[in-house]
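The values are calculated or read from the model by the stated rules, or taken from the named source; none is laboratory data. A quick note: this is a predicted structure, and the numbers were derived from the prediction, not measured. Here the Cβ is made from the backbone with ideal geometry for all residues, glycine too, and neighbour counts use every protein chain on show.
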Amino acid sequence: MAEAPTGNEVTRRRRSRSDRRRSTATTRETGVWYPKAYWPSFAAPGVLWLAVWFLLPFYVVLSVAFGSVDPAFRLAEPTFQFWWWDFSTFQETLEGFYVAPAIYQDPAIRTLTYVIVASTVCLMVGYPIAYFTARHAGRWRSLILVLLVAPFWISYLMRVYAWQSLLQPDGYINDILGVVGVEPILWLSGKQFTVILGLVYGYIPFMILPLYASLDRIQQSHLEAGRDLGAGPARTFLRVTLPLSKQAILAGLVIVALPMFGDYYTNDLLGSDATSTLGNMVDNAIVQAGQQPAAGGLAIVLMVLVLIPMLYYMRETRRAISRTS
């Protein structure tokens, strides 16, 4: 007597039938049949290129983090044979987060705080700009997009240097505040607000552009359907526009958060030791004699922190694709 198929087998059969139906539909629409690996083969060279040039440097970082230090010259000696890796230095680096004096604990907390606050501000400021540009800018849309892209024509460091000049005690910002009777503010004396301001300024275009691309693709018929069903502008936005732009919001948050985790030059130019982050700890350890393995360990910790939002984004993207397929 034949055994009844299990739940997993039924799911696989359904997916196989669904894939065959989609393949048949595509063949009918285009009149051309493509092998299953035809389209993925176009992405294979680029994926292979990126994988190689990610895995090789990452393996070097691991070799430095789990390697040794030359006792005479105090230089890192990478251990490329993984079976000889020494994890004692990495253990000491981890203890720096929770064992007194816990020298990495405060920078880690500041890093998370800056990333969360700056990413949230980028979203709150960038979404209205992207929405206006996509839905209401009209003939001004091209000009707004050019202005959004224009900062990329200038080096980020040069733009931060410009902010440094503006925020000097005798800079234009304090001059403007002085007109309304506000005393000069020492913006560059290690204020967290100044560092967050620099992060928001530097990365907000990366938030606006994916949001604009998503909002611009929302079909007008979807919005009209919401209004035909009796929803007002606010309800249509909350029930139609916002859910349809969820993936763009997640993409924008990931795009701005990932580089913020490792950013150190914004704090170098606009902050102080009181506002240092894990990126600053890595930068300082690299240039200190004998501290390169610690820098490698901190880079691994940063990578783990970066993987959390990245994995969440991949999970939500996979769910969105499965719902639409």
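Can you tell which of L223, L186, L209, L244 is closer than 30 Å to T277 by Cβ and buried (at least 16 other Cβ atoms within 10 Å of the Cβ)? Please lay out each step first, then the result.
On the way: L223 fails: closer than 30 Å to T277 by Cβ; L186 fails: buried (at least 16 other Cβ atoms within 10 Å of the Cβ); L244 fails: closer than 30 Å to T277 by Cβ.
After applying the criteria, what remains is L209.
If the condition is being aromatic (F, W, Y) and either surrounded by 14 or more Cβ atoms within 10 Å (Cβ to Cβ) or more than 28 Å from G262 (Cβ to Cβ) (or both), then the range 306-325 contributes only Y313. When the range 51-80 is filtered for residues that are surrounded by 11 or more Cβ atoms within 10 Å (Cβ to Cβ) and in a helix (DSSP H, G or I), the ones remaining, listed by number, are F58, Y59, V60, V61, L62, S63, V64, A65.
The set of residues in the range 156-215 being closer than 18 Å to S119 by Cα and among the small types (G, A, S) consists of G198, G202. For the range 128-171, filtering for residues that are in contact with a helix residue (DSSP H, G or I) (Cβ under 7 Å, 6 or more places away or on another chain), in contact (Cβ under 8 Å) with a residue 12 or more places away in the chain and among the charged types (D, E, K, R) leaves 2. Considering V32, V99, V64, the condition of being at pLDDT 90 or above and either more than 25 Å from P309 (Cβ to Cβ) or not acidic (D, E) (or both) is satisfied by V64 alone.
I'd like the full set of residues that are polar (S, T, N, Q) and in a helix (DSSP H, G or I), limited to the range 255-312.
Taking the range 255-312 first, the residues polar (S, T, N, Q) are 266-267, 272, 275-277, 280, 284, 288, 291-292.
Across the range 255-312, the qualifying residues are T266, N267, T275, N280, N284, Q292.
Looking at N267, N280, just one residue is closer than 30 Å to P71 by Cα, of a type in the set (S, T, N, Q), touching a residue at least 12 places away in the same chain (Cβ under 8 Å) and surrounded by 18 or more Cβ atoms within 10 Å (Cβ to Cβ), and that residue is N280.
Selection of the range 237-269 for residues being among the hydrophobic types (A, V, I, L, M, F, W, C) and over 21 Å from the mean Cα position of the chain (by Cα) yields F237, L238, V240, L269.
Here D170 qualifies as farther than 30 Å from M303 by Cβ and among the acidic types (D, E). Summed over the range 174-228, residues that are farther than 27 Å from G271 by Cβ and outside any helix (DSSP H, G or I) total 3. Quick check on the range 81-119: of everything there that is surrounded by 13 or more Cβ atoms within 10 Å (Cβ to Cβ) and hydroxyl-bearing (S, T, Y), which residue is nearest to I300 (Cα to Cα)? Checking each candidate, the answer is T93.
Is it fair to say D228 is under 30 Å from A72 (Cβ atoms) and among the acidic types (D, E)? Here the answer is no, as D228 does not meet what is asked.
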